Amino acid sequence: MTPGEVLIWIVAAVVCGFIGHAIGKPKGRESTGAWLGALLGVIGIIIIALMGRDREAEIREAQRQLEIQAEAARRAGYAYPMPGALAV
């Protein structure tokens, strides 16, 4: 393998790693996405795209939605419990 071919493979692995990281970030799986993308290429990107969110990412999203709803209710003049008041 020539040095040019090796460089192309390295660049492709880095690009796939960045794509995997970007796809995995909203799912709470940034590092998994980066590694799968870099090591497996397109197949790794497909795998991370099909993976679900991790539990912590789901909780963060639910808390964010609750804060949005509370702010919207507050601006509309309705009484709405504070996000911290609903402890799980």
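Some observations on this one:
- All told, GLY4 falls short of being at pLDDT 85 or above and touching a helix residue (DSSP H, G or I) at 6+ places or on another chain (Cβ under 9 Å).
- Residues of segment 1-35 satisfying the condition of being of a type in the set (A, V, I, L, M) and over 16 Å from ASP54 (Cα atoms): MET1, VAL6, LEU7, ILE8, ILE10, VAL11, ALA12, ALA13, VAL14, VAL15, ILE19
- Test: residue in segment 22-44 that is surrounded by fewer than 16 Cβ atoms within 10 Å (Cβ to Cβ) and of a type in the set (Ser, Thr, Tyr): yes
- Test: ALA62 is crowded, with 16+ Cβ neighbours inside 10 Å and either in contact (Cβ under 8 Å) with a residue 24 or more places away in the chain or in a helix (DSSP H, G or I) (or both): no
The values are calculated or read from the model by the stated rules, or taken from the named source; none is laboratory data. Treat the numbers as computed from the prediction; the structure is a model and nothing was measured. Backbone-built Cβ (ideal geometry, glycine too); neighbour counts: all protein chains shown.
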